[in-house]
1. State the percentage of accessible surface on the stretch 24-143 attributable to carbon and sulfur atoms; use a 1.4 Å probe and exclude ligands, DNA and RNA.
2. May I ask which of LYS49/LYS134; LYS49/LYS114; LYS114/LYS134; LYS30/LYS87 have a Cα-Cα span longer than 28 Å here?
3. Roughly speaking, what is the stretch gain from ASN86 to SER52, that is 0.36 nm per residue apart minus the C-alpha to C-alpha distance, in nm to one decimal?
4. Just for the Cα atoms in the stretch 39-143, what are the lengths along the principal axes, largest first, rounded to whole Å?
5. Per the Cauchy relation, a quarter of the hull surface: what is the mean projected area of the convex hull of the alpha carbons in the stretch 48-89, in nm²?
6. Just to check I understand the Karplus step: with θ = phi - 60° and J = 6.51 cos²θ - 1.76 cosθ + 1.60, what whole-Hz values come out for the stretch 40-52, glycine and proline as x?
Amino acid sequence: MRKMLHILFSIIIIFSIAGCLPSFDPEAEKHFWQGIEFLKQKDQEAAMKEFSTAIEIDPDYSLAYYNRALIYYRNGDFGSSLSEYNKAIELDPNNPYWTYERGFLHLQLGYREKAINDLERSLELGLSFSDRQKVEDVLEQLR
């Protein structure tokens, strides 16, 4: 249930920032949004195919990498999830939420220093208050 809420929260973030995003190839966007629809229907396999197609069309589609990271994470494939987060952040290094989520993934994988770096960076990038408090609490425990 919590993971589904995480995905839905991510979708809300995507919709809320959509007006601030760079323009992507229209055909890639079509596949991306179809992937979001499949996520809403809980069809991760179809969503993954759509996000992958969007990336094939437009290799700079950071949101598609991010959503693949979420699907890999949800399926327990943390290595692939980390790779997708890395690519999304490489393409959009100023997204505090992706850095925040990768930080907690690093922590889960046992990469303490990388987790600390990501969590500190997410604070610098302007994480919202409720998430900010969570990060500050975790960082206090890690230091």
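1. 45
2. Details: LYS49/LYS134 33 Å; LYS49/LYS114 30 Å; LYS114/LYS134 17 Å; LYS30/LYS87 21 Å.
Listed pairs above 28 Å: LYS49/LYS134; LYS49/LYS114.
3. 10.7 nm
4. Result, largest extent first: 41, 25, 23 Å.
5. Answer in nm², one decimal: 2.4.
6. Result, rounded to whole Hz: 4, 8, 6, 9, 5, 4, 5, 4, 4, 4, 5, 5, 5.
The values are calculated or read from the model by the stated rules, or taken from the named source; none is laboratory data. Everything numeric here is computed off the predicted structure, so don't read it as measured data. Heavy atoms of the whole protein, side chains included, go into the accessibility calculation; ligands, DNA and RNA do not. Shrake-Rupley method; radii C 1.70, N 1.55, O 1.52, S 1.80 Å.
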